[in-house]
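As structure tokens, the structure follows; a few thoughts come after it.
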Amino acid sequence: MEIESKQPRSKRSALQRGRQILERRKEIEQELMDMLKETDFGITPVAEQVRYGTCFPHKVLGGISPAEQLLEHHQPQK
């Protein structure tokens, strides 16, 4: 039996989805690390590209993440 949270269902769903995204991100990062161990390619160039790829959308979106942008888009207008 699930205990009802005081948070609205949509907010709980968004939080759960955020947790799923973070969990999947960790899995992908581990897969990448495992692949890099099998090559002569170092982590530094990869880390630099990831950092650039992470910073670019935030900068373009005025400092918020793409996930936050989607949440704002899907929230009902007040």
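Annotations for the structure displayed:
- Across region 34-78, the qualifying residues are those that are among the small types (Gly, Ala, Ser) and over 21 Å from residue 18 (Cβ atoms), and the one among them that is modelled with the lowest pLDDT is 42.
- When region 42-62 is limited to residues that are more than 15 Å from the chain's Cα centre (by Cα) and among the small types (Gly, Ala, Ser), the one that is surrounded by the fewest Cβ atoms within 10 Å (Cβ to Cβ) turns out to be 62.
- Some residue of region 7-18 being at pLDDT 75 or above and among the hydrophobic types (A, V, I, L, M, F, W, C): yes
- First in region 1-24 and closer than 20 Å to residue 74 by Cα, second anywhere and modelled with pLDDT under 60 and surrounded by 10 or more Cβ atoms within 10 Å (Cβ to Cβ), Cβ under 6 Å, 6 or more apart: 12/5
The values are calculated or read from the model by the stated rules, or taken from the named source; none is laboratory data. Please read these numbers as outputs of a predicted model, since none were measured by experiment. Neighbour counts run over all protein chains shown; Cβ positions are idealised from the backbone, glycine included.
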